[in-house]
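Working notes, beginning with the structure itself.
The values are calculated or read from the model by the stated rules, or taken from the named source; none is laboratory data. Remember, it's a predicted structure, so these values are computed and weren't measured experimentally. Every residue, glycine among them, receives a Cβ derived from its backbone with ideal geometry; neighbour counts consider all protein chains shown.
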Amino acid sequence: MYIYENENNYCELKGILCEELTYSHESFGEIFYKSSITVKRLSESSDIIKLIIPENIIKPSEPLRRGDFVTLCGQFRSYNNYSGDGNKLMLSVYVKFIKPEEETENHNFILLNGFVCKKPVYRVTPFGREITDVLLAVNRLHNKSDYIPCIFWGKNAKLVSEYDVGDSLKLEGRIQSREYQKKLSEEETVTKTAYEISVSKIITE
């Protein structure tokens, strides 16, 4: 398994590949593939999470196919989509280790250590549930940063609502996918998918 000591951005997933690997892009002579993984929640609903997989971590002796149960780890990364098609902020897991294995319990874990880059948005639902949305900037190598939406609940929501832009924030949670309807016109809507971190723990050190 990949070791993540001292990383600001680390995730572990166990679930089923729900797409065949297809070509994504090439960078500095290295080929990257794309796919998706379905990870079941305890509620039996599922999160479908996009993957970017470097060719050099795929073992010829362990080919990856749709329907395989896999364990993987990597980083949850963002990039801007300038094509005008789809969401502006694209989010996916950059895979650093992946292996097919016998099916076990599904697993979805992420650890992030970054900085608040927009004023947190606090709200209370009609059912009285407290929620705060935070956009977290997480630094990585080569002076790059990933911008990751995070959602906090209950006491954590109240606590993080008091944070200011630039405050450091370390957390644990899971990667969550959520479908929503976007209205294109009076007659037309389209289904889109949003990704965010559902935060279970704020880490204070």
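Of note:
- Members of the range 163-198 that are more than 19 Å from the chain's Cα centre (by Cα) and in contact (Cβ under 8 Å) with a residue 24 or more places away in the chain: 163, 164, 165, 166, 167, 168
- A search for C-beta distances below 7 Å between a residue of the range 51-64 that is closer than 15 Å to residue 20 by Cα and any residue that is polar (S, T, N, Q), counting only pairs 6+ apart in sequence or on different chains, returns 51/35; 51/36; 51/92; 52/24; 52/92; 53/35.
- Restricted to strands (runs of 3 or more DSSP E) entirely inside the range 86-205, those with at least 2 residues that are over 29 Å from residue 55 (Cβ atoms) are 107-116, 121-124, 130-140, 144-153, 168-183, 189-202.
- Only one of 13, 42 that is of a type outside the set (Val, Ile, Thr) and without any contact (Cβ under 8 Å) to a residue 40 or more places away in the chain: 42
- Extreme residue, surrounded by the most Cβ atoms within 10 Å (Cβ to Cβ), among residues of the range 117-134 that are touching a strand residue (DSSP E or B) at 6+ places or on another chain (Cβ under 6 Å) and among the hydrophobic types (A, V, I, L, M, F, W, C): 134
- For the criterion of being loosely packed, with under 14 Cβ neighbours inside 10 Å and either within 19 Å of the chain's Cα centre (by Cα) or modelled with pLDDT under 95 (or both), residue 149 fails.
- Among the conditions (1) at pLDDT 95 or above; (2) within 30 Å of residue 66 (Cβ to Cβ); (3) out of contact with any helix residue (DSSP H, G or I) (no Cβ under 9 Å at 6 or more places or on another chain), residue 98 misses just one, which is (3).
- One residue stands out among those in the range 160-192 that are out of contact with any strand residue (DSSP E or B) (no Cβ under 6 Å at 6 or more places or on another chain) and acidic (Asp, Glu): the one that is surrounded by the most Cβ atoms within 10 Å (Cβ to Cβ), which is 162.
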